[in-house]
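The values are calculated or read from the model by the stated rules, or taken from the named source; none is laboratory data. Note that the structure is predicted; figures quoted are calculated from it, not measured. No Cβ is skipped: glycine too gets one built from the backbone with ideal geometry, and neighbour counts run over all protein chains shown.
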Amino acid sequence: MYLKEYTELKNEELIDRIKTAKTEKNAVILCHNYVRDDVQRVSDILGDSLGLSRRAAATDADVIVFCGVMFMAETAKILAPERTVLIPEKGAGCPLAACATMEDVLEMRRKYPDHIVISYVNTTAEVKAVSDICCTSGNALEVVKSVGEAPVIFLPDKNLGAWVKRELGKDNMILWDGGCYVHQFIGLEDIERARSENPGATIIVHPECPPEVTLAADVVASTSGMYNYAAKHNEPIILGTEIGLTERINRELPDKKVGWMKGSAICSNMKLITLPKLARCLEQDIYEVTIDEPIRAAAEGAIQKMVELG
Ligand code: SF4
């Protein structure tokens, strides 16, 4: 069946087909917090990129379907090389991850041979393979702290890097000039509007937001950190991140008062994952994620160094 034929099916039929194919293939569906609500609802495990990959590596599923962007599916393959990893849309890339290539990083390493290269997980497998250690938005502070006084090249998100630099007072960090189009356009005016419209609300922003925004917010947290904060607190909360996380929290924690800061903070790359594509993916194994073994093994090394930090 072609994709067009799947798009002509009703959602109920698509969901039935997804469930049937999932059982037949002993598959698990992982889904990032920013993916469309209807896809989140048929998924088995929701979360952020690394948390999902860790869960994938720990399941006994033969097939992992990753509803997210390509670097996330690659990370699942890096950590679970013996499993078949599928992504419903191979064109679901991440412009932030595309900001740094392996050649760029090797060039920087030649220029600054004494620097430790710390890569955010939002990078390709090739970039991870030539990095010393990976980090997530949730553990970036701990990872950078772990290298002590050593100089660092931090990539690819300059806002996350600037936040880490400011929080740790670490001046010897070279920041890559990359950014996420969803978070870098959240501005001070969005915080001010959120505060005036929601007096008493706690304002939480993602560290990929610009420095003036992370400085003005009440809390800076990863998507998992935002979810956990909402689960533990009862005051109104406004989230400065992609709207999909707010949709998930409102669905799973209906007693909480959580809203988004900016309705246009939408990752169109994540929204490329749809129910028709997910049904086709499960029924026809489209698209399989593969990584050359030397690259995969080297990338796993950089991720494992991060994991060993706890
Ligand atoms: S939200 Fe930003 S970092 Fe995440 S996938 Fe979209 S563009 Fe990439």
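Can you say whether Ala231 is surrounded by fewer than 17 Cβ atoms within 10 Å (Cβ to Cβ), of a type in the set (A, V, I, L, M) and either outside the structural domain of Asp157 (by TED's automatic domain parsing) or not in a strand (DSSP E or B) (or both), as far as the supplied structure shows? Show your work before the answer.
On the way: surrounded by fewer than 17 Cβ atoms within 10 Å (Cβ to Cβ): yes; of a type in the set (A, V, I, L, M): yes; either outside the structural domain of Asp157 (by TED's automatic domain parsing) or not in a strand (DSSP E or B) (or both): yes.
Yes; evaluated as a whole, the condition is true for this residue.
Hand me the list of strands (runs of 3 or more DSSP E) wholly inside the range 141-222 holding 2 or more residues that are under 20 Å from the mean Cα position of the chain (by Cα).
Working: elements: 152-155, 173-175, 202-205.
Here the list reads 152-155, 202-205.
Can you tell me which residues in the range 44-93 are crowded, with 19+ Cβ neighbours inside 10 Å and of a type in the set (Ser, Thr, Tyr)?
Ser49, Ser53, Thr75
Against the condition surrounded by fewer than 18 Cβ atoms within 10 Å (Cβ to Cβ), within 16 Å of the ligand (Cβ to nearest atom) and either touching a residue at least 60 places away in the same chain (Cβ under 8 Å) or part of a loop (DSSP other than H, G, I, E, B) (or both), how does Gly263 come out, does it pass?
Numbers: surrounded by fewer than 18 Cβ atoms within 10 Å (Cβ to Cβ): yes; within 16 Å of the ligand (Cβ to nearest atom): yes; either touching a residue at least 60 places away in the same chain (Cβ under 8 Å) or part of a loop (DSSP other than H, G, I, E, B) (or both): yes.
Against the criterion (surrounded by fewer than 18 Cβ atoms within 10 Å (Cβ to Cβ), within 16 Å of the ligand (Cβ to nearest atom) and either touching a residue at least 60 places away in the same chain (Cβ under 8 Å) or part of a loop (DSSP other than H, G, I, E, B) (or both)), Gly263 qualifies.
Specify which of the listed residues (Asn139, Asn159, Asn122, Asn172) is surrounded by fewer than 24 Cβ atoms within 10 Å (Cβ to Cβ), among the polar types (S, T, N, Q), within 16 Å of the ligand (Cβ to nearest atom) and not assigned by TED's automatic domain parsing to the domain that holds Val219.
Of Asn139, Asn159, Asn122, Asn172, the one residue that is surrounded by fewer than 24 Cβ atoms within 10 Å (Cβ to Cβ), among the polar types (S, T, N, Q), within 16 Å of the ligand (Cβ to nearest atom) and not assigned by TED's automatic domain parsing to the domain that holds Val219 is Asn159.
Select, from Leu3, Leu9, the only residue that is surrounded by fewer than 20 Cβ atoms within 10 Å (Cβ to Cβ), under 27 Å from Ala125 (Cβ atoms), at pLDDT 95 or above and not small (Gly, Ala, Ser). Give the steps one after another, and end with the answer.
Values: Leu9 fails: under 27 Å from Ala125 (Cβ atoms).
After ruling out the rest, the residue left standing is Leu3.
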